[in-house]
Amino acid sequence: MYSLCFILPALCLLAQLCTAGYTLQDDFGNDERFFDKFDFFTDSDPTRGYVSYVDKSTAKDAGLIHASGGSVYLGVDTKNFASGPGRRSVRLTSYQDYDHGLFILDLAHMPGSVCGTWPAFWMIGTVPPTAGEIDIIEGVNEGPTNQITLHTNQDNCSVNNSGFSGVANGHNCYIYSPGPLGSGGCGIVDPDPKSYGGTFNGGGGGVFATEWTSDVIRVWRFPRSSLPSDIHSGTPDPSTWGTPVASFSGNCDIDAQFQNLHIVFDITFCGRMAGDAWASSRHCASKAERCEDYVQNNPKVFEESYWGVNSLKVYQQN
């Protein structure tokens, strides 16, 4: 007797595609419509940053956001001395929230490693940190490498020190846990100097892929020169990507700790991380006594402080 796949190969292929891999859920695009999918946060910075987050209309008029040439620009004020609550910038939070998924961010450019800056691409619940937090790209001042961190609201989530190529610097994910991280949580540092800032940009940018399931949260980084073909084709398969930079699993109920998270882009200044680390950075501290003074009086040094987004796509498992 002939098999069904021998008689109807197209039907068999369709069945395979429908039972494996990921399917595209949201494509944020790379034109002006990108901004329609985000709320522009304008409250005071909860991390005590020296920053004034502006609304969509103000950001557009000031040139802090625009889209051209297949890329979206998210930047900061590089023309004026700062006043009031701080330097003008943007913080975008997706209207859509997520439970699980594969989040693929293609960057032409990330904010450079500049004294006073604290950029991040991350995910967080509506009432932080009660629904958990996933920091995918984060760095401060002139830091040379990227740090990936989880924060939980409950002190009952710890992760294993295995299954990834990065360097762990915390295993208790509780946001108030003591340890080497300035704001608690479990972190993994990507030791590659091309993972962050100017060196990442010098290689033509690249892709960050974050997989969030009930069992594990994993992050891969791919340089522009070695992107997996399945990402190009829109049929991503993380099982073929090899060891991730970061992998969080262990004694942690991920579904209980991470729920209904929104995607966030921001660039803040000083605050709890860049500001608190100011004195320990000799080069930065030599520029001004206080982080806020430097950020206030040197607009042009932040010309590399912007996100250049080629695409942001969210996939869900079939």
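The values are calculated or read from the model by the stated rules, or taken from the named source; none is laboratory data. Computed from a predicted model, the values in this text were never measured in an experiment. Every residue, glycine among them, receives a Cβ derived from its backbone with ideal geometry; neighbour counts consider all protein chains shown. The area values use the complete protein model at the heavy-atom level, side chains included, leaving out ligands, DNA and RNA. Shrake-Rupley method; radii C 1.70, N 1.55, O 1.52, S 1.80 Å.
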Ranked by how many other beta carbons lie within 10 Å on average, peptides 226-238, 38-50 from highest:
38-50, 226-238
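Write down Rg/Rh for region 20-152, rounded to two decimals, with Rg from the C-alpha atoms and Rh from the Kirkwood relation over Cα pairs.
On the way: Rg = 15.5 Å, Rh = 16.4 Å.
Answer for region 20-152: 0.95.
Determine the percent antiparallel among the DSSP beta bridges restricted to region 23-130, to the nearest 5. All intermediate terms of the calculation are to be shown ahead of the outcome.
Working: 8 of 11 bridges.
Here the antiparallel bridges make up roughly 75 percent for region 23-130.
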Taking the alpha-carbon centre of each part, the distance from region 39-109 to region 124-165 in Å is 20 Å
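Taking a ≥ b ≥ c as the square roots of the Cα gyration tensor eigenvalues, with a/c under 1.5 meaning rounded and otherwise prolate when a/b beats b/c, else oblate, which class fits region 225-318? Intermediate values should be presented prior to the final figure.
Details: a/c = 2.56, a/b = 1.84, b/c = 1.39.
Here region 225-318 falls in the prolate category.
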Please list 95-104, 258-267 highest first by mean number of surrounding beta-carbon atoms within 10 Å per residue.
258-267, 95-104
Can you tell me what share of the DSSP beta bridges in the chain is antiparallel? A percent to the nearest 5 is fine.
95 percent
Share of carbon and sulfur in the accessible heavy-atom surface of region 126-257 [1.4 Å probe, %]:
51 percent
Against the longest alpha carbon principal axis of the chain, how many degrees, from 0 to 90 and to the nearest 10, is the axis of helix 9-19 turned?
40 degrees
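Taking the solvent-accessible surface of protein heavy atoms with a 1.4 Å probe, what is the per residue accessible area of region 177-274 in Å²?
Numbers: 3590 Å² over 98 residues.
Accessible surface, normalised per residue, equals 37 Å².
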Under 5 Å, built H, 5+ apart or other chain: amide partners of residue 235:
none
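Are there trypsin sites (Lys or Arg not before Pro) in region 228-291 that DSSP marks as loop and that have at most 11 other Cβ atoms within 10 Å, and which are they? Let's see the in-between values first.
Working: sites: 272, 282, 287, 290; in loops: 287, 290.
Nothing satisfies the criteria.
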With label points set 7 Å from each Cα along the Cα-to-Cβ direction at residue 80 and residue 225, the distance between them in nm comes to 4.2 nm
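Loop by DSSP (not H, G, I, E, B), at most 15 other beta-carbon atoms within 10 Å: where is the longest site-free stretch of the chain for GluC sites (Glu not before Pro)?
1-288
Find, among the trypsin sites (Lys or Arg not before Pro) in region 79-159, those assigned to loop by DSSP (not H, G, I, E, B) with at most 16 other beta-carbon atoms within 10 angstrom. Could the numbers behind the result be given before it?
Values: sites: 79, 87, 88, 91; in loops: 79.
For trypsin sites (Lys or Arg not before Pro) across region 79-159 that sit outside H, G, I, E and B with at most 16 neighbouring Cβ atoms in 10 Å, the list reads 79.
Using only the Cα atoms of region 161-318, build the gyration tensor, take square roots of its eigenvalues as a ≥ b ≥ c, and label the shape rounded, prolate or oblate: rounded if a/c is under 1.5, else prolate if a/b is larger than b/c, else oblate.
Numbers: a/c = 2.06, a/b = 1.37, b/c = 1.50.
Taking the square roots of the gyration eigenvalues as a ≥ b ≥ c, region 161-318 is oblate.
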How long is region 21-74 along each principal axis, judged by its Cα atoms, biggest number first, in Å?
42, 27, 14
